[in-house]
Amino acid sequence: MKPIQRRDPEPANVYIELVAASYTMLVPAALMSAIFLVVGTFCASEIGGAIPWIAIATGMAASLARLAAILAYRRQSAVKRIDLAAIARWETRLALTTVLFAAALALLGATTFLLSAPVPQLLATGLLFGFCSGAVARGYIRPRVCSASVMVATLPVATAAALHGGTGHWILAALFIGFLGGSLETIRYAYRLAREQIALRNELAMVARQDPLTELANRFGLREGFTEILRTHRELPMLAVHCLDLDRFKPVNDHYGHPAGDALLRQLAERIGAILRPGDLAARLGGDEFVVVQVGIGRPEEAELFARRLARAITFPYVIEGETIEIGVSLGYATSPPKTASLDGLIAAADVVLYRVKHEGGGVGCEAGRPKALGR
């Protein structure tokens, strides 16, 4: 099943949230299925012929497939995070079943207006308005799918009403078209508003989790990210927490000024980011204190190699506004299996090593060892 191609892509996090929200309509979808079955059966029995029954069979098949998709999505999203590629496939699955149901409803409604008496026509009108109002009220978050559904459901019925003839039916057809136009405008407006609200909420959430200077995680982001690491890497052998503190950083601010110090911290954050592997996490706790969480370690020696590489990258000279600036680093790390890991415990253990290393002149140290110079 080829995913829907987005002409105006939302930011990935907004898109995922919007598609996920479209899978919250289990109860409305189930109610619409039941109403369609009851009304459709009555209309088909009044009209006679095969076409209404084909419409009912098609609509119920689409409706049941939509309900199955919603339940399947809920089961999958409950056990793992759904990525961008997967969410696009889920959107396509829901879109196809929704539009197919709208087409079945249109076939039933159009047949009713062309071949039936007033009561089935009244019921078909109520069914159409119920579907469209529900689609607009809950489905606007995926505007292309929602717009296609209400158009597919409405236009054939409006055409059939006009072809039936008579002033009353012409007025009814005009009402269908008028309400369709209003629905499309409502979909456009509500979607834009929802998109802006979600983007703003995500931006505020990012600000709450991110250090504004370095764009690394802050304390809250570190704690949240560490919880996610434990959830997704629980079966891996070991992880490490590296605590580091810059040496000779205060003279940089005193001699070159705080803007130069800020520029150095931003460059330092970029160097840390270049070393991180997928799944690793870096955070600035404040001032010149940083924490790096390393995941997927098979043995403790890997943590030491990573720590020494991290320290070498940090102590490489910086060029700030034409000035070459050198700083040192003291780094302590602690390791633990994910199943027994505690962020507070690992930071406390790494901090003990860090302060010992700093007292002895800087370098890299672990829980059980003495600090090692970077060149050794």
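Read-outs: derived from the displayed coordinates by stated rules, not from any lab. Here the structure is a predicted model, which is why all the values come from computation and not from measurement. As a convention, Cβ positions derive from the backbone with ideal geometry for all residues, glycine included, and neighbour counts pool all protein chains shown.
Pick from 294, 197, 76 the residue whose mean-square fluctuation is largest in a GNM of the chain, springs joining Cα atoms under 10 Å.
In the Gaussian network model the winner is 76.
Please report 116, 342 as a ranked list, fewest other C-beta atoms within 10 angstrom at the top and most at the bottom.
342, 116
From Cα pairs below 8 angstrom and at least 6 apart in sequence, can you work out the relative contact order of the chain, rounded to a whole percent?
13
Build a GNM of the chain with springs between Cα atoms under 10 Å: which of 364, 291, 319 gets the top mean-square fluctuation?
Sorting by GNM fluctuation, first place goes to 319.
Running a GNM on the chain with Cα contacts under 10 Å, which residue among 253, 202, 218 ends up with the highest mean-square fluctuation?
Fluctuation is largest for 253.
Give the distance, in whole Å, between the Cα centre of the stretch 261-329 and the Cα centre of the stretch 127-196.
Comparing the Cα centres of the stretch 261-329 and the stretch 127-196, I get a distance of 56 Å.
Counting each DSSP H run of 4 or more residues in the chain as -39500 (n - 2.57), what helix-only mean residue ellipticity at 222 nm follows after dividing by all residues, to the nearest 500 deg cm²/dmol?
When only DSSP H runs of four or more count, the value is -23500 deg cm²/dmol.
Which value, in debye to the nearest 20, gives the size of the charge dipole of the chain about its Cα centre, when Lys and Arg are +1 and Asp and Glu are -1 at the Cβ? Walk me through the intermediate numbers first.
On the way: 38 positive and 32 negative charges, 202 e Å.
Roughly 980 debye, rounded to the nearest 20.
Under 11 Å from the 7 Å Cα→Cβ point of residue 230, by amide nitrogen: which residues of the stretch 307-349?
Label zone hits: 338-346.
Looking only at Cα atoms, what is the convex hull volume of the chain per residue, in Å³? Intermediate results must be reported in sequence, preceding the final value.
Numbers: hull volume 59.4 nm³, N = 376.
Expressed per residue, the convex hull around the Cα atoms of the chain is 158 Å³.
When Lys and Arg each count +1 and Asp and Glu each count -1, what net charge do the other residues less than 10 Å away from residue 211, Cβ to Cβ, add up to?
+2
Sort 329, 293, 14, 207 so that the residue with the fewest other Cβ atoms within 10 Å of its own Cβ comes first and the one with the most comes last.
207, 14, 293, 329
In nm, give the distance between the simple-model label positions of residue 356 and residue 45, each being 7 Å from the Cα along the Cα-to-Cβ direction.
8.4
Size of the stretch 12-208 along its principal axes in angstrom, Cα-based, largest extent first?
62, 31, 22
Which residue, 37, 169, 85, has the largest displacement toward the positive end of the dipole of the stretch 12-208 when charges sit on each Cβ (Lys, Arg +1; Asp, Glu -1)?
85
Which of the listed residues, 106, 52, 365, is farthest toward the dipole's positive end in the chain, when Lys, Arg count +1 and Asp, Glu count -1 at the beta-carbon?
Most positive-ward Cα: 52.
Please say if the stretch 257-376 is rounded, prolate or oblate, where rounded means a/c under 1.5 for a ≥ b ≥ c the square roots of the C-alpha gyration tensor eigenvalues, and otherwise the choice is prolate for a/b larger than b/c and oblate otherwise?
prolate
Would you work out the charge dipole size for the stretch 176-285 about its Cα centre, treating the Cβ of every Lys and Arg as +1 and the Cβ of every Asp and Glu as -1, and quote it to the nearest 20 debye? Walk me through the numbers on the way to the answer.
Numbers: 15 positive and 14 negative charges, 43 e Å.
The calculated dipole for the stretch 176-285 is roughly 200 debye.
Please work out how much length the chain gains when fully extended from residue 122 to residue 289, using 0.36 nm per residue of separation minus the C-alpha to C-alpha distance, in nm with one decimal.
Full extension from residue 122 to residue 289 adds 53.0 nm.
Treating the beta-carbon of each Lys and Arg as +1 and of each Asp and Glu as -1, no other charges, what is the dipole magnitude of the stretch 92-215 about its Cα centre, to the nearest 20 debye?
On the way: 9 positive and 5 negative charges, 31 e Å.
So the magnitude is around 140 debye.
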